[in-house]
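One structure is given below, encoded as structure tokens.
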Amino acid sequence: MGRPNDEVAELFQEFADLLSITGEAAYKVRAYEKAARSIAGYAEDVSTLDLKGLRQIPNVGEAIAKKILDHRETGTIRQLEAVRAKIPAGVRALTAIPTLGPKKALVLYEELGISSVDELAEAIPAGRLEGLKGFGAKTEENILHGIELMKRAGDRVLIDVAMEVAEEVVAALSPLAERCEYAGSLRRSRETIGDVDVLAAAADSAPLMEAFAALPLVSEVIARGDTKTSIRTTKGLQVDLRVVPAESWGAALQYFTGSKAHNVRTREIAVRAGLKLSEYGLFDVESGELVVSATEEEVYERLGLPWVPPTLREDGGEIDAALKGTLPRLVQLADLRGDLHSHTDLTDGIAPLEEMVAAAAAQGWEYFAITDHAPNLFMQRMTDEKMLAQREAVHALGERHPGLTLLHGTELNIDADGEVDWPEEFLSGFDICVASVHSLFTQDRETMTRRIVRAVENPGVHVLGHPTARLIGRREPVDCDWDAVFEACARHHTVVEIDAFPDRLDLPADLIRRALRHGVRFSIDSDAHATGHFANLRYGVGTAQRGWLTPDDVVNTWPLERLRDYLGTG
DNA sequence: GCCGTTTTCGGCCCGACTGTTTTCAGTCG
């Protein structure tokens, strides 16, 4: 269920959303949103803090601190319950539709009684919105497209949500099993996860099934048997537990990891060798005898293949590469020597510079770049003076962390024409500049391509940040001639970012493979807005692996000197 | 509701874009 901070933060975020729907003053709504973000990003566990300790959290004052204590004692927040009674949860869900905010959601609820996304999806084609003030044809179209975008993600969840559940289940069951691991699309590090598959090896499955069904995160047991039990979590995610004998572990793990297409290929290879591969093992067809099944390695080996990393098992050429012995040595989390994209509370981060740097030092990195937003993202209120003052602070801090080289950078805004915030002269004062698209996501392909290529060609720009600007389940990637962009990146030594945020994972894996063909180099960046966000790098690494990247392809696995040479900042 | 070398009130993330509107409201970053 996550750490107590996340639960409390979610309650205040819900409170803020509901207040904004009821038309509460914007500053009040923002106060709760800011508090929610601060609580989520706060290093200490809120459930252990007293009133004084809680008030130390930025943006948490008397009123919010008391609500946290109330919640701890009574399990609820009175004011939240009151507004929940007025606004159904489904109305809040409407605001998750892109282009539909709190004001429109309230109109739909009050005028038409619509209180769910499904109801709205039916009401529009039925013409029920016609004549409703503020809802023209284009608005209806945008809403339907937004719903479509959400539906396409379907019941799938982002990888971090699934990972949290999977790790909780594995941790709870491991003491009862000889082996226990999550498999399926999560093990392959897909960007969204439909359901979580957990595999355990044990002689007797009963205690595992019992413990699994009794976990606190279980809201419903869907099916329960000797070899498989399925549950639904309180948040609606399905988790399947399969228990196999230890001698079948390897075959079962291989089978339940998938993908289906990869398994089809491995089974074909088995058939041609007179073998049969199933979740129970690799068998000799003639004798029916078990050949191997205890580990994945021996299953693959008996098929004449090296072990294939799960992130490659998509039937995307990995079988041929395995047969030829040309599987890449994939980049690992431990290969990273630094992070090239992060924020502090000078702009929209949560943590002060000192805390971000201390947390980066604790990662054991060799270098770390602070890249707060530049002035053209107006809401961040950046100025030249603030940026230069931060640079001084960064230099001073560097002396306190001798093992860690601090890079002072910025995240520039790529404007409509591909220009960025500052002239080259000012840019040259930074150690590293990330440049990203933050607006005008719907430009046509030609305009967008010209725009991004121009930014990439700017000698002051070193990294193209979250290149497609997609938000998984919420915003489409921008339309762009990526081959033209990658070609320009390779030519100008502009690094292409893999932003590790779970709702971005941008550049996506399919485009990484395409970029690789152009000789592009990549950086796997946290885009951290809080110290806890460095943990997201594992998802960035998973995405990089799905793109077949080796450490040599990823600049932040390089020593700083080589990185500087490549960027031309040495 | 939070915050403060403006310190107990009066500000608070500002501006662009979109669609609808007939002069601007809603949404987003």
Could you please let me know if residue A:498 is assigned to a helix (DSSP H, G or I), open to solvent by less than 50 Å² (accessible area, probe 1.4 Å) and more than 19 Å from residue A:162 (Cα to Cα)? no
Cβ-Cβ below 7 Å, separation at least six or inter-chain, first residue in region A:93-117 and without any contact (Cβ under 8 Å) to a residue 24 or more places away in the chain and not assigned by TED's automatic domain parsing to the domain that holds residue A:129, second aromatic (Phe, Trp, Tyr) and open to solvent by 40 Å² or more (accessible area, probe 1.4 Å): which pairs? none
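Yes or no: residue A:231 free of Cβ contacts under 8 Å to residues at least 40 places away in the same chain and crowded, with 17+ Cβ neighbours inside 10 Å?
yes
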Since residue A:314 meets every condition but one in (1) closer than 22 Å to residue A:524 by Cα; (2) part of a helix (DSSP H, G or I); (3) outside the structural domain of residue A:404 (by TED's automatic domain parsing), which condition does it not meet? (2)
Identify, by number, the condition in (1) among the polar types (S, T, N, Q); (2) more than 29 Å from the chain's Cα centre (by Cα); (3) within 12 Å of DNA strand B (Cβ to nearest atom) that residue A:76 doesn't meet. (3)
Within region A:523-543, residues under 13 Å from residue A:505 (Cα atoms) and β-branched (Val, Ile, Thr) come out as A:524, A:541, A:543
Listed by range, helices (runs of 4 or more DSSP H) wholly within region A:115-212 having at least 2 residues that are more than 16 Å from DNA strand B (Cβ to nearest atom), open to solvent by less than 50 Å² (accessible area, probe 1.4 Å) and in contact with a helix residue (DSSP H, G or I) (Cβ under 9 Å, 6 or more places away or on another chain) are A:159-173, A:184-187
Give the number of residues within region A:50-59 that are open to solvent by 20 Å² or more (accessible area, probe 1.4 Å) and more than 15 Å from residue A:531 (Cα to Cα). 6
Going through region A:6-40 one residue at a time, which ones are more than 9 Å from DNA strand B (Cβ to nearest atom), closer than 19 Å to residue A:352 by Cα and either open to solvent by 20 Å² or more (accessible area, probe 1.4 Å) or assigned by TED's automatic domain parsing to the domain that holds residue A:343 (or both)? A:40
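The values are calculated or read from the model by the stated rules, or taken from the named source; none is laboratory data. Treat the numbers as computed from the prediction; the structure is a model and nothing was measured. Heads up, the Cβs are rebuilt from the backbone with ideal geometry, glycines too, and the neighbour counts pull from every protein chain shown. With ligands, DNA and RNA removed, areas are computed over all heavy atoms of the protein, side chains included. Shrake-Rupley method; radii C 1.70, N 1.55, O 1.52, S 1.80 Å.
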